[in-house]
Structures are given as C-alpha cells and as structure tokens.
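Every read-out reported here was derived from the displayed coordinates using simple, explicitly stated rules and does not represent laboratory data. Values in this document were obtained by computation on a predicted structure and should not be read as measured data. Here Cβ is always computed from backbone atoms with ideal geometry, including for glycine, and neighbour counts include all displayed protein chains.
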Amino acid sequence: MERILPRFVILLLDILILIFSFFSVFLIYNGISDVPDHSWKSVITFCVVLVFFNTFSFLLFRTYRGVLRFSSFHDLLRVTLSLTIGYLLSFLVLHVIHRGQAISHYHYYHYLLFIAIFFVNLCLMILSRVVVKEGYEYIIGKSKTTIRVFIYGTKSAGMSLAKALKSGIDLNYKVEGFVSDDPMMIGKGLLGLPVHAFDEQLFHTMRLKDVHTILVSPLKMEEVKYSDKLTRLVDNDIAIRTTSPIAEWSDSQSLGKEQIKEIDIEDLLPRSPIQLSMKNVVSSIENRRIIVTGAAGSIGSEIVRQLAKFNPASLLLVDQAETPLHDLELELKSAYRELRFKTKVVDVCNQDRMEQIFEKTKPHFLFHAAAYKHVPMMENNVPEAIHNNVLGTKTIADLAVKHGTGKFVMVSTDKAVNPSNVMGCSKRICEIYVQSLNRHVNAGTSATQFITTRFGNVLGSSGSVIPLFKEQIKRGGPVTVTHPHIIRYFMTIPEACQLVLEAGAMGEGGEIYIFDMGNPVKITDLAKRMISLSGAKNVKIEYTGLRQGEKLYEELLNDMENVKPTSHDKIMIANVREYDFEEVTRQVDELITLSRTADDRSIVAKMKEIVPEFQSTNILFEDIVGGS
C-alpha cells in the first residue's frame, strides 16, 4: 500500500489539531479579553499537559500508522480510544496540580470546558480522516472508469461485499443499490442505499441508473444459478459477477480484483448439476494399482485428481505430452503429498514400451483416456486418427488381457453414434473392439472386464467452444459459431469423470454407459449467454458454416440401440449390436495396416465397411462406399 504522508507528519498533524481544538474552544469559552495576563501560565500548563498525555496515547494506540485515505471504522475507533485515555490522564494530572498549587483560575479548565475540548478534538480528528478518504475516492472516481453495480443479497455476506467494495484499494465498482427477496427488507435502506425487489421494476431502475452489472454474494449465487433468475438477468443484458467465499478473503474487509469473478461455466447449462454417489468408487479404487492413459489431457487429468482422493495403492500416469504431464506432476506433489504416483512419457501405441509398463505395474484398473479428439484435425489427418485411437486402444486392451487387469474403462464420445466424421468413427471402432474382446475373454471366465463410457461435449476442456468464446469475447468479437441451429449435449469435466469412475465401479464388462444429459444446448444461445454474462458490449456473433465432418446435432444412441436402467437414474446402459471377435480383429488389423499407407480414401472405405452407419459429411469422403 503506497504511503503519501510519512507517519511522523500524521502524528504532528494530530497534535496540531489538538492544540487548535484547545485554543479555539478555550477562547470561545472565555474570550481573549477575559483572560488576565498572569493567568496565561495556567492556560499554557493546561495545553502542555493535554499535548503531552495525548501524544503518549497516540504513540500507545498508533493512530498515526494507518493510511488516511484508506481509514476504516477500526481506525476511527482507535482514535476515539486514544483521545479518551489521553484526556482522562490529563484531567487527573490537572486535578492534582490544581489541588497542590491552589490555583484560583479553576474556571479555565472547568469540566464543561474540558469536555467541549475533547469532543471538538475528536470530531476534527475523525473529520480529517473522513475528508481525506472521501476526497481521495472522489478524485480516483473521476480519473478512472467506474462500474455501477447492484448487490444481490442483504444479509451479512451482501453487507460485507458492499463494505469491501467501498474500502477496496484497486476496485472500480460503485454500489448503487441492493436487491433482496425478503419482503421485510424491500423498500428500506442499507448503507444509505435503497433495497429493491427482484422484479421487472428492478431492470427498469437499473437502466435508468445506467447499471448493467449485478454482484451476487457467494451464498446467494447457489440459489440464483439454478432458478429462472439467471435467465432473466441474461435476457435483460445484465452482467453477473460473484466473489470467492468471504472466508477466503485476506481479511473480512479486504477484497481484491482477483476475487471478483464471472460465474462458472457449468452455470451455463440449462439443468442442475448431475450428482453421483461415490461410495462404490471408494471401495473399488482404494488400495488398487491403477494406470491412466492420456493422463495429462482435460479428462485424464481430472480422472487422476478424483482418483487421488480415494487412496489408491499406486497411480501410473501415461501420456506422450511432456509439458502438461510435468505440470500435472507438480500439481499432485503439492496437493496430494501422500499420493503414491509416477509419470511416464510414452506413446500408448508403442507396444514394447507399454508391455514393460504392464509387466512392472500389474494394474488392477486401467482408465483409457488417450485419444485424438478434434474433429477437423482428424478429417485432415486420417491415418493418425486410426494409429492413435484404434491402434492405441487395441494395444492397451490386449495388454490388459495379457497381464490380468481387472477392469478396463474406456472414454468414448457421443460422436461415435451414427458417426459423420473420422474421429467419431474411430471411437466407434474402439467401442466395437473392446466390447467384442470382452465377450471373447469373458466366455465362462472372470477375466478383464471392458467398460465404455459415452458422453457429450465437455465444458471447458481443451479445444472446446467455451475457451474459444471467452478469448473471442475478450478480443471484442466476433464470436464464431458454425451454424445458427447447431446443438450439442454438454456436461462439466467433473461430471464426465465421475461417470467414468462410477462406470468402472458398477460395470461387469461389455457395457456402454451413457448419461441422461437433459436437453441439448443450442450453441448460439450459449454464445449469447456468455457475451451477456461477461458484460461485453457490441460483440457480434458470426456464422462460419459447418466444418468438414461436423453435423448439426449429436446423438447418444443410434436408431438400432435402446437403453436399460441402472441403479442411478441418470446413468443408463446402451443395448448395442454385438460383433464377432475374430471378424472384428481381422478387420481392425486390416484398417491399422491401411493406416500406414496414408491413403485416406482407402482408410475411410475400410472404416465404412466396419461401421456401416458411418455417413461422412466431408466432401472428400461422402462418395466412398464401404469396402470400395
């Protein structure tokens, strides 16, 4: 905190205020002409005693240590206590002097005079701090852009937020009013500001006052984001901000810019968050040896974080991306000091290297999240999609069987249903292979159980629309959407990873688990919501056209499939077509061999032969017939 006036200057000013208070009150009380010359000695003694003991009290209470322009109620209370002690000591000493010397000029420091000087002194010292504080805020307010806000919440959290904004050093928010749902508070005033109801009149008032932002206290935010209030705020172009919990502030009256934040991306979903019971997960993960492939990715790293909470015997994190894996390693060492884990930089398609890892680790569980996932990239890199996704999955699955891994949980995607692109079809081929392998190895045995989890787009994952939209909004737009009617299913990263863990715990082998993800989200609406919630103005949406391999809507099931329920009402098992393992193995091996030729059209033709429902929307591949 930058200090303009040195501490000794503030102390000197307080002493000068005391002297001024004494003589101004004394002269008004007695008049200059009414003080005989021989009585000035008593007057000076009076003043010296006051200055001496009050200076001692100032030093004792350190009233000079605060920065005047940031004075708080605590500082004013300290000034009051300091003066009270100083004046009481002065009174006692003067009383002793009066009795000892039999001074006849007692009326010069009569009780009423003494009290009057005290109150004038106190008022002037408090006023000096208030004037400096208000003057500073006025000057700063004129020199920077101020964001006018309403605060939603009138209980302790809302009040603390308002006080923190007013006393904040670097904050440029000006509170114009409060919003409450309590009928007893509506129409009243808090901190000199009106309290409004959450209704249409509120939005009219905000427009009149040129207020376009509402700050919601942390406790109130939970209620707002799961009600129609969030939609109403968005529809009225009101930007929404909240703060971290008060307990996380540096102290009860301190709030920094970093603690005022936009609402989380999961609040953009038009449904309540999906909650899963993790009881089964605890018993299945605790004291087990676990491998996670693709551990440095958005899904893989969150799987690792959640697994870390359940006390596994060991965790081996496999990824070929060195830097993200290193970052995850540092995070785990800091957050989970007791966790037994290792990292391996290795390509899952490297069979010899993965063989060594399986031989040494002998995992009970394997979570397979390693895959190329970006649709446009895979349309332009077809051999790599097969090499990484299909060969990688086959290599890991075969090794899991060979080394007796108990459960193999594969992360799939809704793009595997009626695939329209290479990435989605490659994941469907992975599903087909692990399911047929499950039937093959589990015929009358208790070998490796293969389980698949299939879900929609993940909010906030690398390459998803949320980070892209955020960056575009930050730059002032435009926000690019491929088509005005494109829709997608969404879930959060924690939801997706909980599904993976829950499926691993409840699965018995051969299942494809899907989520009841509610209604799909229109991407245009998502973009509009993000623009509105950010508070940005004049950010336009630009439609760029569907990309190669992209379709307007995603499905969780195809027409040949139906579902059966599980013990959780949000998790279902898809009934899918069954394939012969020998035939699948032959075709997958042929596909992998073709991928080494870099002949895109031949590869896609083979993919269509394995997955007849694959209807490519890429102009380069849409004329290809399976097997041709």
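Quick one: what does P(r) look like for the stretch 406-497 with 5 Å bins over all Cα pairs, in whole %?
Computed distribution, short to long bins: 3, 12, 15, 18, 17, 12, 9, 6, 4, 3, 1, 1, 0.
Once the principal axes of the Cα atoms of the stretch 279-610 are found, what is the range along each, listed largest first in whole angstroms?
Rounded to whole Å, the extents work out to 61, 50, 40 Å.
For the pairs 407/570; 220/474; 344/427; 344/528, flag any whose C-alpha to C-alpha distance is greater than 31 Å.
Where the Cα-Cα span goes over 31 Å, the pairs concerned are 344/528.
About its Cα centre, what dipole magnitude does the stretch 279-610 give when the only charges are +1 on Lys and Arg Cβ and -1 on Asp and Glu Cβ, stated in debye to the nearest 20?
960 debye
Would you mind checking the pairs 155/470; 229/522; 342/522; 333/564 and listing those with alpha carbons more than 30 angstrom apart?
155/470; 342/522; 333/564
Work out the FRET efficiency for residue 191 and residue 231 from their Cβ-Cβ distance, taking R0 = 35 Å, and round it to the nearest 0.05.
0.75
For the stretch 575-584, in order, what is each residue's ³J(HN,Hα) by Karplus, 6.51 cos²θ - 1.76 cosθ + 1.60 with θ = phi - 60°, in whole Hz (x at glycine and Pro)?
Taking θ as phi minus 60°, the curve returns 8, 10, 4, 9, 10, 6, 4, 4, 5, 4 Hz for the stretch 575-584.
Could you sort 340-346, 189-195, 291-297 so that the peptide with the highest average Cβ count within 10 Å comes first and the rest follow in order?
291-297, 340-346, 189-195
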